[in-house]
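The values are calculated or read from the model by the stated rules, or taken from the named source; none is laboratory data. A quick note: this is a predicted structure, and the numbers were derived from the prediction, not measured. Cβ: placed from backbone, ideal geometry, glycine included. Neighbour counts: every protein chain shown. Calculation scope for accessible area: heavy atoms of the full protein, side chains included, ligands and nucleic acids excluded. Shrake-Rupley method; radii C 1.70, N 1.55, O 1.52, S 1.80 Å.
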Amino acid sequence: MHPATLLIELGGIILVLGILGRLARRIGLSPIPLYLLAGLAFGEGGLLPLATSEEFISVGAEIGVVLLLLLLGLEYSASELVGNLRAQAPAGVVDLVLNAAPGAAAALLLGWGPVAALALAGVTWVSSSGVTAKVLTELGRLGNRETPAILSLLVVEDLAMAVYLPILTAFLVSAGLLSGTTHLLVALAAVSVVLVVALRYGRLLSRLVSTPDTEVLVLGVLGLALLVAGLAQQLEVSAAVGAFLVGIALSGPVAENAVTALSPLRDLFAAVFFVFFGLSTDPGAILPVLPIGLALAVVTMATKIITGYYAARRAGVGRRGRYRAGAALVARGEFSIVIAGLAVGAGVEPGLAPLATTYVLLTVIAGPIAARVVEPAARRLSRPPTAVILQKFNSGR
Amino acid sequence: MVDGVQVEETALPGIGVRQDLVTTSGRRVGVVSYRTGRRELVLYDTEDPDAGSEVIPLTDGEADALAEVLGAPRVVERLATLQEQAAGLVTEQVPITPGSPYDGRPLGDTRARTRTGASIVAVLREGGVMASPGPSFEFTAGDTVVVVGTRDGAAGVAEILARG
């Protein structure tokens, strides 16, 4: 590998991502779809295939997943997670049933087998907390009364990932049902132990890592997260879950400072991760799965709206707020790609990567639009037609 | 809870906390406090009470100023009622009019306490409150002087401030 070419390629990629990010901001879109498209363009069969930097990008992508999950975990404290789980458990179950089922059904109909079905179920299940939080902030809806229900549901999904990812990993690494079950039990035992430790000794751990110096803090927290993620992977629990649990265990001022200090690093490596996923997808394979992706997107966007509607109704929010809650949750993003990435990395069904890419591209673009138009549209539909005509007549005068 | 007003507090996981209340006139007003320290004042829609129709971001300084504007006169008022209940003292709010002999002169010049026994406990100026002003405190037209004392004493201070 020639070092000069490596730097030139890396610089080129990151610069392109920077320009894409700026473009996304300009048109009010999440940058995730543009990063994925960039990955498609740089990959094999794309416009500008890379020569030397693939290895670095693949390592960077792994760090990206660790950082994504670490920062997600840092956002929440263990007690907050448990509290939200109690409050929103029924909505969480509705969420799982309504949104995972279409993905699983699609994979089974395509004849991809049970493991791919498990993976695709996860892809369609989990909303993008990043896109949802961004949409709520941009539309000034954080003060709205349906917002706590939306955020709680996202928290429950994130927590559910701590159980789902080990299950998925267990079935990905082992072919047989018996060894799969053994793996699963080991994985779940490990997750429970870490969760209990996080709940009990989180404060102690936070105090150990605590330091007023940003540099020391970044090195300490990142080192700890990578180490635990690696050990989790060694146990076949999934690196992502390890990092998430480290994030949960850290709380208080340490967590807040770590979020501030690590956010730029997360942004860089998460972008690399999305590019890497695009890289591993063959752009030529997208067109054949486009109809399935589109159908899946339409169905699961509808089921997500129903989920949000239900969660907001449980919180005592009015009809209009319920539609807003549903529409805010429509986008799928980082988690879906993490799940698909795990499955693709393990060599499950080659069609999964292009389908997941297509699916995430569609929902992540539709998400912010849905958040703006669903509630007014629902209001218009539910009003008697004469009222609409009258209103048009009045506004026309 | 203050005087039967119920403030509802809701956690916003990952973001911060929202506090809101419904006024007697039926409007919902809320404050979203981010973990980052950012604050937003939210006025809710009358037609759709779940949605914020106006969201006003406030800096720390602005939030402090708003709290002071809303809170300070109320504190003085409440202090006044307390004292009235306690000792049979009265509280008067005496304006400094443009023609007042003490417009532009320090508080010490009035020798109000010596002459009447009543005390000047605070001055309200431009929505703010200056508690326990010293003898060198200078009055300006438009100030409202809060006086605590016996009924006669307080009336005496009002007389001094108006005519000298």
Problem set entry | Nearest-20 debye value, chain B charge dipole, Cβ charges on Lys, Arg, Asp, Glu | 760
For this session: With label points built 7 Å along Cα→Cβ from the Cα atoms of A:VAL97 and A:VAL193, find their separation and express it in nm.
Result: 3.5
Seminar exercise, completed: Quick numbers on the protein assembly as shown, Rg and Dmax over C-alpha atoms in Å, give 30.6, 101
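When the helices in chain A are scored as -39500 (n - 2.57) per DSSP H run of 4 or longer and the sum is shared across all residues, what 222 nm value do you end up with, to the nearest 500 deg cm²/dmol? Can you show the working numbers first?
Numbers: 16 runs with 324 residues, N = 397.
That calculation yields -28000 deg cm²/dmol at 222 nm.
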Exercise. If you place +1 on the Cβ of every Lys and Arg, -1 on the Cβ of every Asp and Glu, and leave all else neutral, what size is the dipole of the protein assembly as shown about its Cα centre, to the nearest 20 Debye?
Worked result: 1400
Seminar exercise, completed: Env charge @ A:PHE273, Cβ radius under 12 Å, K,R +1 / D,E -1, value -2
For this session: Roll a 1.4 angstrom probe over the protein heavy atoms and tell me the percent of accessible area of the range B:8-58 that is carbon or sulfur.
Result: 52
Seminar exercise, completed: Counting sequence-distant residues (5 or more places) and residues on other chains, those with an amide H built under 5 Å from that of A:ASN144 are B:GLY52
Problem set entry | Rounded to the nearest 10 Å², the accessible area of A:ASP95 at probe 1.4 Å | 0
For this session: Take A:LEU10, A:LEU110 and sort them by solvent-accessible surface of the protein heavy atoms, 1.4 Å probe, largest at the top.
Result: A:LEU110, A:LEU10
Exercise. Could you sort B:ILE56, A:ILE57 by accessible area so the largest value comes first, with the probe set to 1.4 Å?
Worked result: B:ILE56, A:ILE57
Seminar exercise, completed: Taking a probe of 1.4 Å and leaving out DNA, RNA and ligands, chain A shows per residue an accessible area in Å² of 44
